[in-house]
Protein chains: 2
Amino acid sequence: MNGLTERQRRVLEFLRDYLRRHGYPPTIREIRTAFGLRSNRGVVDHLRALERKGSIRRLPGSSRAIAISGPDGENAEGAGRAKAYPVAGRVAAGRPEEALEDGNGSLLLDERLFGGKGDFVLEVKGDSMSGAHIVSGDLVVVRKTASCETGSFVVALVDGEATVKRYVRRGSRVVLEPANPAYAPIVLSAGNAAASVVGTVVGVIRRYPGRGRAFSR
Amino acid sequence: MNGLTERQRRVLEFLRDYLRRHGYPPTIREIRTAFGLRSNRGVVDHLRALERKGSIRRLPGSSRAIAISGPDGENAEGAGRAKAYPVAGRVAAGRPEEALEDGNGSLLLDERLFGGKGDFVLEVKGDSMSGAHIVSGDLVVVRKTASCETGSFVVALVDGEATVKRYVRRGSRVVLEPANPAYAPIVLSAGNAAASVVGTVVGVIRRYPGRGRAFSR
DNA sequence: TTGCAATCTGTACAAACGTTTAGTAGTATG
DNA sequence: CATACTACTAAACGTTTGTACAGATTGCAA
């Protein structure tokens with residue numbers, strides 16, 4: 001994506017910033033002023049370089065006709081490649097602890113990642129699924145499904161509590177198995193109204209604590 | 001927000017559509033043509049009405065200086081809660097297999113998740129980090145960092161090959177440890193130019209195979 | 001009927017704007 | 001040492017573009 005010089009990078013950054021703030025791109029003279037230049041030519045050179053390197057697209061001869069074609073450009077063009085996933089709350093992967101609580105806000109993720117309808121996000125608490133590499137603090141992306149495949153991970157409501165388990169069908173019985181020997185499997189009998197599968201886990205997102213993270217759910 | 005006539009509503013819709021498609025607003029003459037008008041005045045009247053009713057903002061006398069101030073306007077103004085992460089390619093978590101190859105495209109993720117600068121995404125191949133719950137096929141979000149904390153996961157270039165390991169400082173030595181006893185640690189000596197740390201792993205994204213996934217990298 | 005707002009035609013103009021030519025300086029490439 | 005690219009000054013050119021003026025038509029409310 002890059003092969004830009006420091007100066008070109010700054011011009012591109014200015015273009016993005018201006019577009020974000022004003023809703024339309026700047027004129028060449030505005031860019032000139034912003035960088036303290038005394039001639040249009042300098043700006044023209046930068047724009048030509050940015051266009052040659054694919055960072056922007058221009059309509060020759062037309063005012064303010066600068067389109068940013070990078071990642072931010074697609075964003076501005078609103079190709080809408082990001083999908084909003086409602087954050088439902090926390091889910092216990094050990095003992096069922098907390099039910100699905102009302103989370104505030106939603107999470108934007110690339111629609112190509114899990115692109116389905118009716119998906120939502122839950123935070124995992126507990127370590128009953130650590131054997132399957134799902135650990136406490138992970139966010140699981142859940143798809144509301146009517147049926148489940150054996151072996152897949154599901155979010156189930158057991159006695160009103162949400163929990164992540166592996167879905168295994170054994171004859172007429174359905175067993176929700178943890179992936180940690182310290183926990184016991186849960187048998188889902190046919191007449192058991194106290195337990196129901198909410199959906200299938202289609203993805204996991206883990207964040208490692210670092211400097212200045214901000215997502216608070 | 002509304003109080004717009006049918007005609008004004010359509011003009012506003014056209015403005016939104018044009019901005020989304022081109023990345024910059026249209027000229028008055030472009031609007032005129034789009035609506036099959038034969039005079040600028042009609043367009044000017046509509047724009048004045050839209051501005052009076054608060055749907056758009058304009059900079060008088062300046063080309064294409066139309067900013068949409070409704071809900072879509074905020075979108076165009078780039079409240080931009082999704083951030084684009086370049087996809088660099090694959091990274092070996094077992095033996096170094098493939099170098100960072102040029103991946104096509106980028107991945108949109110909520111900026112609150114990993115919100116940093118210069119981050120990128122790699123797909124993990126191999127199982128040397130399975131003890132740390134990072135498995136083959138996972139996408140790791142990498143932040144280019146100058147320094148690393150002991151115990152954190154890093155992406156390192158060893159002999160031109162990218163690999164995920166745990167970063168451990170032991171006195172003057174730096175050791176890149178796998179999280180799988182089947183693999184051997186890599187010692188990073190001070191004069192070893194063949195090995196360098198690219199960045200810190202700040203996140204992991206896992207996709208479980210399901211019906212009709214589309215992200216192909 | 002009168003008045004007002006919305007919608008539009010047709011012509012014209014001055015300013016804003018992108019572009020070009022000519023030239024300078026610095027740095028990197030081979 | 002020539003070539004190429006980046007980054008800029010200075011001045012001038014031609015057109016795109018917003019705006020204004022002088023109307024016309026329709027519908028709706030006082």
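The values are calculated or read from the model by the stated rules, or taken from the named source; none is laboratory data. If you're wondering where the values come from, they're calculated on a predicted model, not measured in any experiment. Note: ideal-geometry Cβ built from the backbone for every residue, glycine included; neighbour counts use all protein chains shown. When the accessible area is computed, the model is the full protein with side chains, heavy atoms only, and any ligands, DNA or RNA have been set aside. Shrake-Rupley method; radii C 1.70, N 1.55, O 1.52, S 1.80 Å.
Quick look at the values:
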item: Inter-copy label distances at residue B:53 (7 Å, Cα→Cβ; nm, one decimal); result: 4.4
item: Inter-copy label distances at residue A:173 (7 Å, Cα→Cβ; nm, one decimal); result: 5.3
item: Inter-copy label distances at residue B:196 (7 Å, Cα→Cβ; nm, one decimal); result: 5.7
item: Stretchable slack from residue A:48 to residue A:29, in nm (0.36 nm times residue separation minus alpha-carbon distance); result: 5.3 nm
item: For residues of B:19-28, the mean tally of beta carbons on other chains within 10 Å; result: 6
item: Accessible area that becomes buried as A packs against B, both chains, 1.4 Å probe, Å², nearest 100; result: 4500
item: Local net charge near residue B:155, Cβ-Cβ under 10 Å (Lys/Arg +1, Asp/Glu -1); result: +3
item: FRET efficiency for residue A:17 and residue B:20, using Cβ-Cβ distance with R0 set to 30 Å, rounded to 0.05; result: 0.95
item: Sum of side-chain charges, residue B:131 neighbourhood, beta-carbon under 12 Å (Lys, Arg +1; Asp, Glu -1); result: 0
